[in-house]
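**Student:** This is the structure, below, for whatever I ask next.
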Amino acid sequence: MQIIDGKKIAAEIKAEIAAEVKQIIASGGKQPHLAAILVGHDGGSETYVAGKVKDCEDCNFKSTLIRFEDSVTEEILISEVRKLNANPDVDGFIVQLPLPRHINEHKILEAIDYRKDVDGFHPVNVGRMSIGLPCFISATPFGIVELLRRYNIETAGKHCTVLGRSNIVGKPVASLLMQKNNPGDCTVTVCHSRTKDIKNYCLDADIIIAALGVPGFLKGNMVKDGAVVIDVGTTRVPVPSSETKTGFRLKGDVEFEEVAPKCSFITPVPGGVGPMTRVALMKNTLLACKGNIFSEN
Ligand code: GUN
């Protein structure tokens, strides 16, 4: 059994990006610039955005954070999105989710110019990805596929069971892994909360991608010997304050102690898929800055 070290791979990719950017700047090219819109003061969102700003520093990117109070109107947000769309110095930007309930998330995401949509959430990018055209692939599916690639995990002809059908993980990762590509060429089953006999689909799988958001869902008796298990879950579970300063720890969708001994490869939580999702945004921003991703069609 080999533990897939997402932290190490993410650090390697970040170093690759930083080196490339140094070279671009040294030869007179443009410094990549990522902007983020953050609405309100949600603790999780503040942490995510602070991480993104730090990643920009590590990668030699410029970053801009634009803050609004929870009371911001949809019109004001859309007008800020349009300003960023039109700003030639900003290569890519994100609107941190979730947004307050009075804001229509879809409307905001669709207002983003898909050529600057480094989160890969715009319907144009989702659609292009699903038919195999160059696009911005969203962070988590990108991170998963990159881990499979860098660990040389064979995917062609394998049965991959995806647990979860969310727009940001389950659907896109299923779509990527069924494509004629490497990694890819899998036979994919997507299971969700209404699937009957999930255990059977898991037991038959060569690769399981657990993205339900149900801590400890995948048990040892649901996994066949030699399977590859990718754990996307990151639920905060409370623990006694003597154990951690924060009072919680991250728990994945996989019962790691039971499942790991049966696997050929497994991602831990934390330190598996999580760090890869952060680096995906940097990769997309660099692509946006280089500017040729959509030019061939
Ligand atoms: N909220 C949680 N994860 C993400 C992400 O990847 N992008 C955005 N925009 N918001 C998030």
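**Student:** Can you grab the distance from the C-alpha centre of region 1-77 to the C-alpha centre of region 126-190, Å, no decimals?
**Tutor:** If we compute the Cα centre of each part, the gap is 23 Å.
**Student:** Indicate, rounded to the nearest 5 percent, the antiparallel portion of the DSSP beta bridges found entirely in the chain.
**Tutor:** Working: 4 of 35 bridges.
Bridges in the chain are about 10 percent antiparallel.
**Student:** Top mean-square fluctuation among Gln23, Gln96, Gln31, Gaussian network model of the chain, C-alpha springs under 10 Å?
**Tutor:** Gln23
**Student:** Computed FRET efficiency, Cβ-Cβ of Glu257 and Ile131, R0 51 Å: what is it to the nearest 0.05? Write out the running numbers ahead of the final one.
**Tutor:** Working: r = 41 Å, r/R0 = 0.80.
The computed FRET efficiency comes out at 0.80.
**Student:** Taking the Cα atoms of region 100-226 alone, what are Rg (to one decimal) and Dmax (as a whole number) in Å?
**Tutor:** Using the Cα atoms of region 100-226, the pair Rg, Dmax is 15.7, 48 Å.
**Student:** Let me ask you something else. Give me Leu176, Leu148 ranked fewest to most by other Cβ atoms within 10 Å of their Cβ, as a rough exposure proxy.
**Tutor:** Leu176, Leu148
**Student:** What does the highest-first list of 268-278, 284-294 look like by mean Cβ count within 10 Å?
**Tutor:** Details: 268-278: 22.0, 284-294: 19.1.
With the highest mean Cβ count within 10 Å placed first, the list reads 268-278, 284-294.
**Student:** Using a Gaussian network model of the chain with C-alpha springs under 10 Å, which one of Ala26, Ala227, Ala11 is most mobile by mean-square fluctuation?
**Tutor:** Its mean-square fluctuation being the largest, the pick is Ala26.
**Student:** In what order do Ile208, Ile108, Ile66 fall by count of nearby beta-carbon atoms within 10 Å, going from fewest to most? Write out the running numbers ahead of the final one.
**Tutor:** Values: Ile208 29, Ile108 20, Ile66 15.
The most exposed by this proxy come first: Ile66, Ile108, Ile208.
**Student:** Still on this model: Give the calculated FRET efficiency between Glu75 and Asn221 to the nearest 0.05, with a Förster radius of 41 Å applied to their Cβ-Cβ distance.
**Tutor:** Working: r = 53 Å, r/R0 = 1.30.
Between Glu75 and Asn221 the formula returns 0.15.
**Student:** With a 10 Å Cβ neighbour count serving as the proxy for reagent exposure, in which order, fewest first, do His33, His102, His159 appear? Walk me through the numbers before you get to the answer.
**Tutor:** Values: His33 20, His102 10, His159 16.
Sorted ascending by nearby Cβ count, the order is His102, His159, His33.
**Student:** Could you calculate the FRET efficiency of Ser166 with Glu12 from 1/(1 + (r/R0)^6), where r is the beta carbon distance between them and R0 is 25 Å, rounded to 0.05?
**Tutor:** Details: r = 28 Å, r/R0 = 1.11.
Efficiency, rounded to the nearest 0.05: 0.35.
**Student:** Ok, one more. Of all trypsin sites (Lys or Arg not before Pro) in region 1-97, which ones are in loop regions per DSSP and have a Cβ with at most 16 other Cβ atoms within 10 Å? Don't jump to the answer; show the numbers that get you there.
**Tutor:** Numbers: sites: Lys7, Lys8, Lys14, Lys22, Lys30, Lys52, Lys54, Lys62, Arg67, Arg82, Lys83; in loops: Lys30.
Loop-located and lightly packed - Lys30.
**Student:** Going by Cβ distance under 4.7 Å, what cysteines of the chain have no possible disulfide partner?
**Tutor:** That list is Cys56, Cys59, Cys135, Cys191, Cys202, Cys263, Cys289.
**Student:** Summing +1 for each Lys or Arg and -1 for each Asp or Glu, what net charge is found among the other residues whose Cβ lies under 12 Å from the Cβ of Cys56?
**Tutor:** On the way: positive: Lys14, Lys52, Lys54, Lys62, Arg278; negative: Asp55, Glu57, Asp58, Asp91.
With Lys, Arg at +1 and Asp, Glu at -1, the net is +1.
**Student:** Here is a further query. Just subtract the alpha-carbon distance of Gln31 and Asn182 from 0.36 nm times their residue separation and send over the number in nm, one decimal. Please report the intermediate quantities before stating the final value.
**Tutor:** Values: separation 151, 0.36 × 151 = 54.36 nm, distance 3.09 nm.
Contour length minus Cα-Cα distance gives 51.3 nm.
**Student:** Okay, next question. Output the Cα-based Rg and Dmax of region 140-297 in Å, rounding Rg to one decimal and Dmax to a whole number.
**Tutor:** 16.4, 57
**Student:** On to the next question. Just check the chain against the gyration tensor rule for me: Cα atoms, a ≥ b ≥ c as the square roots of the eigenvalues, rounded for a/c under 1.5, and otherwise prolate or oblate depending on whether a/b exceeds b/c. Could you put the intermediate results ahead of the total?
**Tutor:** On the way: a/c = 1.64, a/b = 1.44, b/c = 1.14.
Prolate is the answer for the chain, as a/c is 1.5 or above and a/b outweighs b/c.
**Student:** Hey, rough spin-label estimate for Thr246 and Arg194, points 7 angstrom out along Cα→Cβ, what's it come to in nanometres?
**Tutor:** Taking the two extended label points, one gets 3.4 nm.
**Student:** Any chance you could get the radius of gyration and Dmax over the Cα atoms of region 1-142, in Å?
**Tutor:** 16.2, 52
Computed from the coordinates by the stated procedures, all read-outs in this text should not be read as laboratory data. The model shown is predicted, which means the values in this text are computed figures rather than measured ones. Because the Cβ atoms are built from the backbone with ideal geometry, glycine has one as well, and the counts that use them run over all protein chains shown.
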